[in-house]
Amino acid sequence: MSHIGSSAIRSDAWSKVNGETVYAYDYKEAGMLYGVLLRSPYAAGKLLRCDLAKARAMPGVRAAIGAADMPPTLAGWSIRDTPLFARDRVRYVGEPIAAIAADSLAEARAAATAIELEIEPGTPLIDPEAAARPDAPLLHPDWKDYVPTAGSDFPRNGNIAAECSADPGGVDAIFDAAPLVVEDLFTTQRQYQAYMEPKSAVAIYRAGRYIIHSGHQFPFNLRDRAAQFLGVATTDVRVIGHAIGGGFGGKLDYSVEPHAAALSKAASGRPVKIANSRVEDLATANCRESTIVKMRSAVDGDGNILARDVEAYMDNGAYTGEMSYMASFPFHCGAINYRVGKFRAIGKLVYTNTPPTGAMRGVSGPAMYAALENHMDHIAAKLGADRREYRLRHLVGDGDTLPNGQVLANTKLLRRGFDEIEKIVPWRGAAKDRVPYKGRGLAAAIWLVNPLPGALSMKLEEDGTLSVITAATDNGTGALAAGVPQIIAETLGIRPEQVRISDPDTDVAAWDSGSQGGRTTQTIGLAAIEGANQLRAKILETAGQLLQVDAGTLTIDDGKIRIEGETKSRMALSEVAMAATFGGASIQGTGGAALPAVPFNPGCANGLLFPFFASPTYHVHYAEVEVSPVSGNIDVTRYVVAQDVGRVINSACVEGQIQGAVAQSIGMTLYESMRFADNGRLIENNLQFYRLPLAVDIPKVEYVTMELDNIEGPFGAKGSGEAPILLPPAVIASAVADAIGKPICKIPVTPEDVLEALDGDGF
Amino acid sequence: MSADMDFLSLTSLAEALEKLRSYGADAVLVAGGTAARYQLVSGMVKAKVALHIERIDGAAGFSGNGTARLGALTTLRDIAEDADILSRFRAVAMAAGKCGGWQTQSIATAGGNVCTAAPTADLLPPLLVQDAEIELQSRARGGRTLGLGEFLLDAFKTARAPDEMATAFLLPAQPARSADTYVRIQRRGAMERPIIAVALRLAMDEGLKNVSEVRIAVSGAGALPFRATEAEALMAGNAPGKEAIRAAADAILARSSFRTDPRASASYRKAVLPRAFAHAVSICSDAIAANGA
Amino acid sequence: MTETHPVTATVNGREETFEVEGLESLMDVLRDKLHLSGTKEGCREGECGACTVLLDGKPVNSCGYIARAAEGREIETIEGLNDALSMRIKTAIVEAGGIQCGYCTPGIVVMLSGLLRRHAAPDERLIRQALSGNICRCTGYAQIVDAVLGVVQGKAAAE
Ligand SMILES: Cc1cc2nc3c(=O)[nH]c(=O)nc-3n(C[C@H](O)[C@H](O)[C@H](O)COP(=O)(O)OP(=O)(O)OC[C@H]3O[C@@H](n4cnc5c(N)ncnc54)[C@H](O)[C@@H]3O)c2cc1C
Ligand code: FES
Ligand code: FES
């Protein structure tokens, strides 16, 4: 029986449903102290004084630290621009200034209020476009001295933390001569990952090293970052992972871990736990960035797009993290899906006095596709063309390239996506089909899989089961709880339940690039096949010796060794394992993989830190909405997805990724809002105001998976967790515009927008 | 934080009234505690002792023909699911079912909802349109009843004396050919405080042509929910057509004031209130017509 | 030291006495004093439902419930929900793939046990309404709702 494509039950399901799973937030150590951070109440200002003496003398306090107690080092994923504690200025509301560890949380909190703080408030820069102006005051006057974390420096300048630009020349001339120019401005807000488990860490300074317990998506990245902040060698930090209560990209970089580590050292090695409250977590999370996208197209009489010009501003917040890579996305996604002549693009990542942004599932894709696809609607409307027909007419085909020069293949899946959706809901976009207050939208996307490497090792236990040691993490997707065990089981001839996967530990496991960009099933799956094949060869060799037959005649079936052609098995895997283990060495295997680099044109753009789309996938989404003329509320009444998944490894997990990502993205489109007041304080600062979508708000998504073997994936699989988040803003905005007869050019789309657009008073 | 506050769990009304008499303003009543715990932890309300009345016998339930009696300790979930309340005072049941999630409704009480006197308290508008009275009891003076409008003084302020406990709400029977409803403007399908809410009780004359009486209560348009009496007067005796609705809506707006908060802007509240009101009128008209038919 | 008060309540069928401070929440008592960390902390605001427990059979957010008010009452947490109905709910969610990160799962199971004890055969609308105080950020709810519908239909078929 094949294990591929089944809906095998994930290995952690029962412990989770029984409440037995211990998440990082639940984790405790004997003798543990409670840590809290004192965070900046101002978005900008000079830090004149931070006196910890009174706080240190408070009851129960074991340590109090601030910038003065740390090495004067800066840290960062891509550029070292971030201090652990604010030193002489504060740059966002919520920036850590000091930390306290005490016997109880109440005592730590009381001591934090006793810290004597003097800040001379400054005027915060909140709007990225304003901050990008050459005369804007600098958030980082020392920006020139900042050191890139790896490799060479990249284009940055003052408040522009990173810039990616491409100009083939001659674009203006095409616009000047074009019969039709269509221009749009599309804005999107930040999105909070809102994993249900807030961030936390327990850290211990012991025997000259730091041990960090965390529920982290990328333990090796955390190890790097903590070592940078603490000013120690990378391997002086050990990260041990625990069950993750959701991540969505929010738990890829550091949060409170290095602070807890520094506190533990200051408290003579007592373990210190810092756990964000939800309000703190929301206020300081590395959210998906907000964007301002200006998109123009020059169009000829037949509707062909002769040239496109894209200018995008992306909010970096006060520090950079990995955001410098995202500055590449306005370039990648500004002229994708549909054929465009000449393409000029500039993406500017801008420092502002707001919490640092970061990667959220699908990174900048939802914003860029919303801008692109609604711009396509706008062009079609100008031409009097049907939205679907116009898209199909200009859809990319095999041999077409992405803006980076990467040649596309298998684009038939993109066209097939439109066909699959047509089979489920025939398109009715004509004016005569319009029903008042109802609308529909259709959009497409091409996406990628994060290509970064990962490796693992595995051993055959004496009872014939398998233990896998890896630093890869499962943030809930099932990649390690279901997918990888199924892949190993299929390769080896055992059952998925017989595969056990370790929690990550950077001292023990090989490097892994974290659960990001839909890579785990695909890359760790490939590594697992390599490891399992090694193991298989060794098992058969040992079994061959034991049975005195040629290993080539043997096979493994449901955990037993069989001679090919025979029906009865000859021995159990446990017997082979015992013989090998006590005959000299356990049977072990290792594997590693990364997705192959894709050929692209290195001269295509300047500052292209994220150069290509590895293992491209194709997607089409469709939505129907109904707006209420009473409240302006928007109801998504139908949602359909056609998704390229390569091959389905676990059908329940793939469905979960689609349902969950669409829900999360509907949240971004209709409910979630993250705005900053002029003083830099977050307006939607708790879960009453930051509205997460509920069971009553989300339709059940209809979906088709499009399967086409992917030679770059295990059993043909491709990453499937990210792409379904890309298109809901695009299709829902389009459907609302259809329903109200006016364009929508912002996310979230609110009832206020709808009521404003509706004529009359609703009577 | 009131870490060292006394906490007394009481099981009878007599006991509760006795404790209220001795502690007076030093006591805070805790029913479901869904609002009270927050008020105490945040320091919004200060007290030396909490009197836990959630488990007092006989103070929950809905009873009575004609004038109905709703016990102050009836939980919102019980109200939302009570078939009798649903058929006789629909808006009250609708409002109760929209306060927070089921986890809150399971323990939150009608008395707590009303006595908090929060600007967005959901039971206030539907009780106001029923001209409901609140029954208050004290050890010293026995019982008294008060119109809800008189009971509510301002946001978070009521006419409850420190030694009094609310024990019930009295709802007079609805007239013939009438219907009531609660239109609540909210962003998500649940777990929201209302942005604007309108409770309406509409009664038609015998020919089902003209409004014989209408009662309108609005929340989100002032410090506390209020009865829009001017609008009510404008509609009485007229057919509930577009013009009458528009005139009444203008009268509601005339005495409304709107705030911008993280949930919605003042301009949205202003734009949505007339629409919510008109929608409420059409729901009630349709219901009356359906019953008459 | 802050003053504490002993509270005695039945927790998962067993009488427990624990020391409680002032207005300490039932959630903190369960998680920190009784080491029942299956009751999850997601917000402390009453918004997420991760901390749902049954109090005298009714679903309640333990983060907002004053622990001292639980004196003499019956509390069921996820760790104690092993009755036949709860087992059917858990099995259905496991089999439907209604679990991803799982952080919301205990609260959802507790809520659903409360729902199905009160309403034997809820329709999809009622299920979604009852679940609206439980936020799940991973699943989009579909597979969870399907699981409950399966339990309801299975029960109907069995009767
Ligand atoms: C997550 C969440 C969501 C909520 N959503 C809503 C909502 O949408 N709409 C809404 O209206 N409310 C909402 N609330 C507020 C609150 O839950 C309700 O108002 C609830 O009805 C209060 O009832 P309670 O029994 O819990 O009151 P308690 O918290 O016990 O008491 C509230 C106040 O009333 C007083 N009090 C209680 N009972 C009496 C009595 N019998 N006599 C005199 N005084 C009394 C108390 O002293 C206290 O000051 C929400 C609360 C939470 C936690
Ligand atoms: S932790 Fe109690 S509702 Fe979120
Ligand atoms: S499974 Fe992650 S929040 Fe529900």
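Things to note:
- Filter result (open to solvent by 20 Å² or more (accessible area, probe 1.4 Å) and not in a strand (DSSP E or B)) within segment C:57-72: C:57, C:64, C:68, C:71, C:72
- Segments classed as strands (runs of 3 or more DSSP E), wholly inside segment A:388-479, with at least 2 members that are in contact with a strand residue (DSSP E or B) (Cβ under 8 Å, 6 or more places away or on another chain) and either over 25 Å from residue A:724 (Cβ atoms) or within 14 Å of another protein chain (Cβ to nearest Cβ) (or both): A:454-460, A:466-470
- Segment A:703-754: number of residues that are without any contact (Cβ under 8 Å) to a residue 40 or more places away in the chain and of a type in the set (Gly, Ala, Ser): 1
- Test: residue in segment A:66-82 that is under 15 Å from residue A:108 (Cβ atoms) and not polar (S, T, N, Q): yes
- Residue match in segment B:88-95 (condition: within 14 Å of chain C (Cβ to nearest Cβ), in contact with a Cys (Cβ under 9 Å, 6 or more places away or on another chain) and closer than 26 Å to residue B:223 by Cβ): no
- When segment B:38-66 is filtered for residues that are closer than 20 Å to residue C:5 by Cα, open to solvent by 30 Å² or more (accessible area, probe 1.4 Å) and among the β-branched types (Val, Ile, Thr), only B:41 remains.
- Residue match in segment A:684-700 (condition: away from chain C (no Cβ under 14 Å), in contact (Cβ under 8 Å) with a residue 40 or more places away in the chain and assigned to a loop (DSSP other than H, G, I, E, B)): no
- Filter result for residue B:206 (without any contact (Cβ under 8 Å) to a residue 60 or more places away in the chain, open to solvent by 20 Å² or more (accessible area, probe 1.4 Å) and outside any strand (DSSP E or B)): yes
- Candidates in segment A:725-741 are the residues that are more than 24 Å from residue A:190 (Cα to Cα) and open to solvent by 10 Å² or more (accessible area, probe 1.4 Å); of these, the one that is farthest from the other protein chains (Cβ to nearest Cβ) is A:738.
- Of the candidates B:215, B:227, the single residue that is among the charged types (D, E, K, R), touching a Gly at 6+ places or on another chain (Cβ under 9 Å), more than 30 Å from residue B:21 (Cβ to Cβ) and touching a residue at least 60 places away in the same chain (Cβ under 8 Å) is B:227.
- For segment C:89-108, a tally of residues being within 15 Å of ligand 2 (Cβ to nearest atom) and in a helix (DSSP H, G or I) returns 4.
- Residues being in contact with an Asp or Glu (Cβ under 6 Å, 6 or more places away or on another chain), within 30 Å of residue A:673 (Cβ to Cβ) and open to solvent by 10 Å² or more (accessible area, probe 1.4 Å) are entirely absent from segment B:191-202.
- When residues of segment A:637-655 are limited to those that are surrounded by 24 or more Cβ atoms within 10 Å (Cβ to Cβ) and within 12 Å of chain C (Cβ to nearest Cβ), the one farthest from residue A:248 (Cα to Cα): A:639
- Residue check, residue B:22 within 14 Å of chain C (Cβ to nearest Cβ) and of a type in the set (S, T, N, Q): no
- Among the residues of segment C:112-141, those identified as part of a helix (DSSP H, G or I), at the interface with another protein chain (Cβ under 7 Å from one of its Cβ atoms) and in contact (Cβ under 8 Å) with a residue 12 or more places away in the chain are C:128, C:130, C:131, C:133.
- Some residue of segment B:194-203 being free of Cβ contacts under 8 Å to residues at least 40 places away in the same chain and at the interface with another protein chain (Cβ under 9 Å from one of its Cβ atoms): no
- The set of residues in segment C:42-83 being on the phi > 0 side of the Ramachandran plot and within 16 Å of ligand 3 (Cβ to nearest atom) consists of C:49 alone.
- Taking segment A:107-142 as the range and being in a helix (DSSP H, G or I), aliphatic (A, V, I, L, M), within 30 Å of residue A:313 (Cβ to Cβ) and open to solvent by 20 Å² or more (accessible area, probe 1.4 Å) as the test, only A:130 passes.
- Some residue of segment A:694-710 being under 22 Å from the mean Cα position of the chain (by Cα) and within 16 Å of ligand 2 (Cβ to nearest atom): yes
A quick yes/no check of all residues on (1) surrounded by fewer than 24 Cβ atoms within 10 Å (Cβ to Cβ); (2) part of a helix (DSSP H, G or I):
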{"position": "B:122", "(1), (2)": "no, no"}
{"position": "B:128", "(1), (2)": "no, yes"}
{"position": "B:137", "(1), (2)": "yes, no"}
{"position": "B:146", "(1), (2)": "yes, no"}
{"position": "B:150", "(1), (2)": "yes, yes"}
{"position": "B:163", "(1), (2)": "yes, no"}
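- When C:144, C:127, C:135, C:99 are checked against the criterion of being within 23 Å of residue C:77 (Cα to Cα), of a type in the set (A, V, I, L, M, F, W, C) and within 16 Å of ligand 1 (Cβ to nearest atom), a single residue qualifies: C:135.
- From A:658, A:683, residue being of a type in the set (Val, Ile, Thr), open to solvent by less than 30 Å² (accessible area, probe 1.4 Å) and away from ligand 1 (no atom under 16 Å from the Cβ): A:658
- All of (1) surrounded by fewer than 23 Cβ atoms within 10 Å (Cβ to Cβ); (2) at pLDDT below 95 hold for residue A:381 with one exception: (2).
- Residue in segment C:138-158 that is within 16 Å of ligand 2 (Cβ to nearest atom) and closer than 21 Å to residue C:53 by Cβ present: no
- The number of residues in segment A:284-304 being out of contact with any helix residue (DSSP H, G or I) (no Cβ under 7 Å at 6 or more places or on another chain) and crowded, with 24+ Cβ neighbours inside 10 Å comes to 5.
- Which listed residue is buried (at least 21 other Cβ atoms within 10 Å of the Cβ) and among the acidic types (Asp, Glu), from A:183, A:197: A:197
- Condition met for residue B:243 (at the interface with another protein chain (Cβ under 10 Å from one of its Cβ atoms), outside any strand (DSSP E or B) and open to solvent by 70 Å² or more (accessible area, probe 1.4 Å)): yes
- Only one of A:565, A:552, A:518, A:544 that is of a type in the set (Gly, Ala, Ser) and open to solvent by less than 20 Å² (accessible area, probe 1.4 Å): A:544
The values are calculated or read from the model by the stated rules, or taken from the named source; none is laboratory data. All values reported here derive from a predicted model rather than from experimental measurement. Note: ideal-geometry Cβ built from the backbone for every residue, glycine included; neighbour counts use all protein chains shown. Side chains are part of the model used for accessible areas, which takes the heavy atoms of the whole protein and leaves out ligands, DNA and RNA. Shrake-Rupley method; radii C 1.70, N 1.55, O 1.52, S 1.80 Å.
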